[in-house]
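Participant: Below are the structure tokens for one structure; questions will follow.
The values are calculated or read from the model by the stated rules, or taken from the named source; none is laboratory data. Nothing here was measured: the structure is a model prediction, and the numbers come from that model. Ideal geometry is used to build each Cβ from the backbone, glycine not excepted, and the neighbour counts take in all protein chains shown.
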Amino acid sequence: MFGVSVFADTLFLWVRIMSERLEKLLKKAQALPLQPGVYIMKNSAKEIIYIGKAKNLRNRVSQYFGSQNRHTVKVKKMVENVSDFDYIIVSSEFEALVLECSLIKQNMPKYNILLKDDKGYSYVKVKKDGWKSISCVFRKDDDDCIYYGPYMSKDYVNTAVKEALDIFMLPHCNKKFPQDIKKRGRPCLNYHINLCSGACADRIDEKEYNRSCDEALRFILGEKNEIIRELREEMETASENLEFERAAKLRDKLKSIEKIAQKQTVVDMKYKNQDVFGVESIDEKTCLNVLSVRNGTIVNTESFVFDRIEGSIDDYVEMITNYYTLRNDYPHRICVDIDLSENTLLKEFFEKYSSHNVTFFTPKIGEGATLMSMAKQNAAEKLSRLLSYNNKRSAVLLELKELLGLEKIPYVIEAYDISNMNGSENVGGMIVFSDGRPDKKAYRKFEIKSFEGQDDYRSLREVLTRRINEYEKYKGQDNSFGIKPDLILLDGGIGQVNAVAPIFRERNFDVPLFGMVKDSKHRTRAITAVGEEIAINDNRSVFTFISDIQEEVHRFAIGYHRQLKNKNTYVSTLTSIPGIGEKRAKALMKKFGSLSKISEAEISELEKTEGINNSLARLIYNYFRT
């Protein structure tokens, strides 16, 4: 009791201090001028924790210290730490934007959207004399080498160099040629698995080796299509000249390049120079992924994680201006998933800093939409890896959203399965996963009523029709049927989806619908929608999650089927007693729960069942004792 009392007193004191401080800050804010400017929030240690711009300083800053209920979680945290603020008056909102960007770059405040590049620049280094070599480095040295770059993304350069070395069978080791040739006599494992040509063991001459280096460099610099065309022509020539061994090597190299090229998104050639901003949020974090396309090829990708934003126009303006304040490479087009085409601040920003016109585009279809999807997937994957340490369920839901192309994270998932035995005891089962966990209180059972016999498609149509009816009946009420799920999964393939999809369209039930496909061994293989099948085997976390859902709904439906079958078996046993029909048999089962308890009941207990008089009770009593 003493501890509770101390805690209550401390909390009361904190609330009072906070209230007094906010009142003081609000009074100061209401005395600000009605002019554009920049405001600088500071904590009790006089450290700058947030910098913002305003078209009207008084109105904007006063909003922070009014009602706290209107703020996002991030803003609430910031306001709780504000002890004082300064401000700078400027002549226009654009000047405020420029000053804000400059101050953010200098101070890197805790609560601003920080797109700080902490990875450094990367270069592709090529040794040009003698036996050539290709590597990824972080700075230019004063040596006799050629450097390509700089590139903002270390990961991109590392990946590109590694892929090129593998495809063109160049060494990953630090050996120097020709001095290290034949020092050990035998090549390493990479040679034996066709990832190295074995220069160290004198298995390739200098001319052929340097030719491979030149092709690898062209590959890194984005000339994949030209290399593919040249290799195909060279392979056909070798085959015509009966040089089958050489043709086979060229074929393998060609396949490797084509496999890598297939991973590259096709870019609309009309827009060879563009950046794509993909934003995803989950829990209290947001991730921005920027894909940079230059000369029609994706040359860079960067990801930034920061406190969750709501995705307003102001948030996007802050992200974009902060991003390009730290860079001097401006694209011709910027793709975002919000309409910024008429934003005057951004227009003025790029007019000031860019030597060419920069347009904003919100892609809906085509290559732009494909690139946007790719950027969002990268952002989701980054968040997924971050969250996997703390919240694996949130991470897998985010991965599932991206894999299926859903508009929002599927926090509520319903799954359905049908179970019967040659058409008898035909039932449907519905299970619910909330936040990645089974919500067994929301499970529901359906006994098929509209027909007799075996027809899974017709059964599913009845079950989902009844589900939609229940939603319309209980919508907005405290009832699990009144909640519209974020995703519905059917145990089955495209046939099941096609059987149910028309009902969703007719009833305007706008919930994503997919089928869970099994292989010949009844193991989860893929997810299917109308017209396509989505493989999930490569994504271990999603594969395991969908498998768990499919097994759970199958277990639940079969369990209800067996329960109903046993109940009907007991009912048929009772109807063999003279005077006991199906209605009275079901009443007995409902009251006693099992056949064994009915057989053990006394006459006085049996009489208490609806429809059972004394004479029928005696018949039942004697039936089980004879």
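Participant: Output the number of the condition that Lys392 fails; it satisfies all remaining conditions of (1) at pLDDT 80 or above; (2) farther than 19 Å from Asp275 by Cβ.
Facilitator: Only one criterion in (1) at pLDDT 80 or above; (2) farther than 19 Å from Asp275 by Cβ is unmet by Lys392, namely (1).
Participant: Quick check on the stretch 414-429. Is at least one of its residues in contact (Cβ under 8 Å) with a residue 60 or more places away in the chain, out of contact with any strand residue (DSSP E or B) (no Cβ under 9 Å at 6 or more places or on another chain) and over 17 Å from Phe545 (Cβ atoms)?
Facilitator: Looking for residues that are in contact (Cβ under 8 Å) with a residue 60 or more places away in the chain, out of contact with any strand residue (DSSP E or B) (no Cβ under 9 Å at 6 or more places or on another chain) and over 17 Å from Phe545 (Cβ atoms), one finds at least one in the stretch 414-429, hence yes.
Participant: Identify all residues within the stretch 70-85 that are within 16 Å of Tyr39 (Cβ to Cβ) and surrounded by 15 or more Cβ atoms within 10 Å (Cβ to Cβ); write none if there are none.
Facilitator: Result: His71, Val75, Met78, Val79, Asn81, Val82, Ser83, Phe85.
Participant: Could you grab the pairs with beta carbons closer than 8 Å, sequence gap of 6+ or different chains, first residue in the stretch 200-216 and farther than 16 Å from Asp129 by Cβ, second one of a type in the set (Phe, Trp, Tyr) and at pLDDT below 80?
Facilitator: That search, which allows pairs on different chains as well, returns Cys200/Phe177; Ala201/Tyr191; Arg203/Tyr191.
Participant: Can you tell me which condition Lys583 does not meet? The list is (1) outside any loop (DSSP other than H, G, I, E, B); (2) surrounded by 13 or more Cβ atoms within 10 Å (Cβ to Cβ), and all the others hold.
Facilitator: (2)
Participant: Something else now. Kindly check whether there is at least one residue in the stretch 177-185 that is at pLDDT 75 or above and either outside the structural domain of Ile204 (by TED's automatic domain parsing) or assigned to a loop (DSSP other than H, G, I, E, B) (or both).
Facilitator: Yes, the stretch 177-185 contains at least one residue that is at pLDDT 75 or above and either outside the structural domain of Ile204 (by TED's automatic domain parsing) or assigned to a loop (DSSP other than H, G, I, E, B) (or both).
Participant: Would you say Tyr471 is assigned to a helix (DSSP H, G or I), surrounded by fewer than 17 Cβ atoms within 10 Å (Cβ to Cβ) and among the aromatic types (Phe, Trp, Tyr)?
Facilitator: no
Participant: Residues in the stretch 83-100: is at least one touching a residue at least 60 places away in the same chain (Cβ under 8 Å), among the hydrophobic types (A, V, I, L, M, F, W, C) and not in a helix (DSSP H, G or I)?
Facilitator: The answer is yes; a qualifying residue exists.
Participant: Another question, then. Across the stretch 222-265, what is the total count of residues that are within 19 Å of Thr159 (Cα to Cα) and either at pLDDT 75 or above or in a loop (DSSP other than H, G, I, E, B) (or both)?
Facilitator: Of the residues in the stretch 222-265, 8 are within 19 Å of Thr159 (Cα to Cα) and either at pLDDT 75 or above or in a loop (DSSP other than H, G, I, E, B) (or both).
Participant: With (1) within 38 Å of the chain's Cα centre (by Cα); (2) under 30 Å from Asn300 (Cβ atoms); (3) at pLDDT 80 or above as the list, and Ser212 as the residue in question, which single condition is left unmet?
Facilitator: Among (1) within 38 Å of the chain's Cα centre (by Cα); (2) under 30 Å from Asn300 (Cβ atoms); (3) at pLDDT 80 or above, Ser212 violates only (1).
Participant: Do any helices (runs of 4 or more DSSP H) entirely within the stretch 312-405 hold 1 or more residues that are at positive phi and outside the structural domain of Arg540 (by TED's automatic domain parsing), and if so, which?
Facilitator: 366-388
Participant: List every residue pair whose Cβ atoms lie under 8 Å apart, where the two residues are 6 or more positions apart in sequence or sit on different chains, the first residue falls within the stretch 478-498 and is in a loop (DSSP other than H, G, I, E, B), and the second residue, located anywhere, is among the basic types (Lys, Arg).
Facilitator: Close Cβ pairs (under 8 Å, with a partner that is among the basic types (Lys, Arg)) amount to Lys484/Lys475; Asp486/Lys408.
Participant: Another question, if that's okay. Just the residues that are within 24 Å of Ile468 (Cβ to Cβ), assigned to a strand (DSSP E or B) and out of contact with any Ser or Thr (no Cβ under 8 Å at 6 or more places or on another chain), please, taken from the stretch 499-531.
Facilitator: Leu513, Ile527, Thr528, Ala529
Participant: Looking at Trp131 and the list (1) within 36 Å of the chain's Cα centre (by Cα); (2) in a loop (DSSP other than H, G, I, E, B); (3) modelled with pLDDT of 80 or more, which single condition is not satisfied?
Facilitator: Here Trp131 meets the rest and fails (1).
Participant: Within the stretch 46-59, is there a residue that is under 34 Å from the mean Cα position of the chain (by Cα) and under 20 Å from Tyr353 (Cα atoms)?
Facilitator: yes
Participant: Now for a different question. Quick check on the stretch 277-296. Is at least one of its residues under 20 Å from the mean Cα position of the chain (by Cα), over 17 Å from Leu115 (Cα atoms), modelled with pLDDT of 90 or more and not assigned by TED's automatic domain parsing to the domain that holds Leu103?
Facilitator: no
Participant: Just checking, which of Thr544, Thr528, Thr569 is hydroxyl-bearing (Ser, Thr, Tyr), at pLDDT 80 or above and exposed (fewer than 15 other Cβ atoms within 10 Å of the Cβ)?
Facilitator: Thr544
For (1) surrounded by 18 or more Cβ atoms within 10 Å (Cβ to Cβ); (2) closer than 19 Å to Asp439 by Cα; (3) in contact with a strand residue (DSSP E or B) (Cβ under 7 Å, 6 or more places away or on another chain), each residue gets a yes or a no:
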{"position": "Asp491", "(1), (2), (3)": "yes, yes, yes"}
{"position": "Val497", "(1), (2), (3)": "yes, no, yes"}
{"position": "Arg507", "(1), (2), (3)": "no, no, no"}
{"position": "Pro512", "(1), (2), (3)": "yes, no, yes"}
{"position": "Val517", "(1), (2), (3)": "yes, no, yes"}
{"position": "Ile536", "(1), (2), (3)": "yes, no, yes"}
{"position": "Arg540", "(1), (2), (3)": "no, no, no"}
{"position": "Ala557", "(1), (2), (3)": "yes, yes, yes"}
{"position": "Tyr560", "(1), (2), (3)": "yes, yes, yes"}
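Participant: Additional query: Do you know which residues across the stretch 587-618 are buried (at least 16 other Cβ atoms within 10 Å of the Cβ), within 13 Å of Ile577 (Cβ to Cβ) and over 58 Å from the mean Cα position of the chain (by Cα)?
Facilitator: Selection gives Leu606, Ile612, Leu616, Ala617.
Participant: With respect to Ser596, determine if the residue is within 13 Å of Tyr621 (Cα to Cα) and either modelled with pLDDT of 80 or more or polar (S, T, N, Q) (or both).
Facilitator: So Ser596 passes the test.
Participant: Taking only the stretch 296-311 into account, find how many residues are closer than 22 Å to Asp339 by Cα and not in a strand (DSSP E or B).
Facilitator: Final tally of qualifying residues: 4.
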